[in-house]
1. Restricting attention to the stretch B:156-170, does a residue exist that is part of a loop (DSSP other than H, G, I, E, B), farther than 24 Å from residue B:349 by Cα and in contact with a strand residue (DSSP E or B) (Cβ under 6 Å, 6 or more places away or on another chain)?
2. Filter the stretch B:93-102 down to residues that are part of a loop (DSSP other than H, G, I, E, B) and surrounded by fewer than 24 Cβ atoms within 10 Å (Cβ to Cβ), then give me how many there are.
3. Do we have any residue at all in the stretch B:23-40 that's more than 23 Å from the chain's Cα centre (by Cα), in a helix (DSSP H, G or I) and modelled with pLDDT of 95 or more?
4. Could you figure out which of (1) within 14 Å of chain A (Cβ to nearest Cβ); (2) farther than 19 Å from residue B:271 by Cα; (3) at pLDDT 95 or above isn't true of residue B:128?
5. Filter the stretch B:80-92 down to the residues that are outside any strand (DSSP E or B) and surrounded by fewer than 22 Cβ atoms within 10 Å (Cβ to Cβ), then identify the one that is nearest to the chain's Cα centre (by Cα).
6. Can you name the residue in the stretch A:7-20 that is surrounded by 12 or more Cβ atoms within 10 Å (Cβ to Cβ) and at the interface with chain B (Cβ under 8 Å from one of its Cβ atoms) and, of all such residues, is farthest from the chain's Cα centre (by Cα)?
7. For the stretch B:28-46, give me the residue count where each residue is out of contact with any helix residue (DSSP H, G or I) (no Cβ under 9 Å at 6 or more places or on another chain) and farther than 24 Å from residue B:9 by Cβ.
8. From the set of residues in the stretch B:31-42 that are surrounded by fewer than 24 Cβ atoms within 10 Å (Cβ to Cβ) and more than 14 Å from chain A (Cβ to nearest Cβ), which is nearest to residue B:319 (Cα to Cα)?
């Protein structure tokens, strides 16, 4: 990601798996180089939380082992902050 | 691509499906709200992998599909006016209005342009000071901050030859409408991940508790959808009705507050008509009064144009989760993505187009007796 300003709007160059495209960063003002963001119609609307992504994936890959030992559910790790 | 490939892992998907099978004890009907989720479910055949007790029905969250016919007719009238450059997201160009689509207007000499971002329209407006640039501002809460920014920036930069034809809708009133219908079959929702990335998910909590319905905010990759389904089935089996967040890597409870702030600056809540469904009170956005100079409906005096849906199309019932594409006699025959009768066949996110593009019209005949049996 590289930053620049266009017509008074903060923009960034985003790498979409090899294709790079500009996106407006006004809604993720603290986006930093190397962050992963979700882009919709040319606007970054959310930053992907790398820790949560890794934790959810780890939870999913380990799920069956947990199922086999009849671990209590549903508040297993990885999806913290789920219900309210 | 990172955060995409991992969530398409076949072995993990099989584990999730096994866990859903182990959890389910009776039939449940779940609705995925977003068209993007529908697309992913049909593309990866997730609905065919789930145990027969878990039925997925497809929701109203396809922005192109729910844009009402009269709004498309208004777009056509504006785009045919001399001196107008009409800009839109690409999907909207193929949606049939009462008299053809925007491609036809373009073929007849209208200046209709596809834009990637609404901010592109401001550049077009600056480059064409003698033309009126109109942007077709459709979409859900996900798109609203982008469209709001275009209007905000137009005023900040004193761009006077730009306006927007607003047809914005919001998700929560449509979910409430589905739940209030006497014909409703939906017992749990896979909530809209991208919408909640912007809005958070606080506003779904009163819906979950009032209607006793689990709502699991869910992402768009196969593993997201399977995990969302598992969480919803667990809640149903345990008699819980809560808002849960499966899409933790992109969504938190509060959402994107900077984006919400811009929406409120530019838009106000308004009654909106949904294609195939009708008017839902307080279900969308209109421009705030202070931005009336950017309101294309007012500038081009098209607000009184009305339209009537073709009778054969059942897209309204598909959008409400009451019917599925193969239930329509026109599906795959008279109605295809090349010759769409209704919006659910036009948009890539529409349920009918997803079923057709992934070959479901070829197996529709084979599955029909099964669904009759299931009903008996």
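The values are calculated or read from the model by the stated rules, or taken from the named source; none is laboratory data. Owing to the predicted nature of the structure, the values given are computational and were not obtained by experimental measurement. Positions of Cβ are generated from backbone atoms using ideal geometry, with glycine treated the same way; all protein chains shown enter the neighbour counts.
1. Looking for residues that are part of a loop (DSSP other than H, G, I, E, B), farther than 24 Å from residue B:349 by Cα and in contact with a strand residue (DSSP E or B) (Cβ under 6 Å, 6 or more places away or on another chain), one finds at least one in the stretch B:156-170, hence yes.
2. Of all residues in the stretch B:93-102, those part of a loop (DSSP other than H, G, I, E, B) come to B:95-96, B:98-99, B:101.
If we keep only those that are surrounded by fewer than 24 Cβ atoms within 10 Å (Cβ to Cβ) as well, we get B:96, B:98-99, B:101.
Total satisfying the criteria: 4.
3. yes
4. (1)
5. Checking each candidate, the answer is B:91.
6. Of everything passing the filter in the stretch A:7-20, A:7 is farthest from the chain's Cα centre (by Cα).
7. Restricting attention to the stretch B:28-46, the residues satisfying the condition of being out of contact with any helix residue (DSSP H, G or I) (no Cβ under 9 Å at 6 or more places or on another chain) are B:29, B:45.
So of that shortlist, the ones also farther than 24 Å from residue B:9 by Cβ come out as B:29.
Final tally of qualifying residues: 1.
8. Going through the qualifying residues, I end up with B:39.
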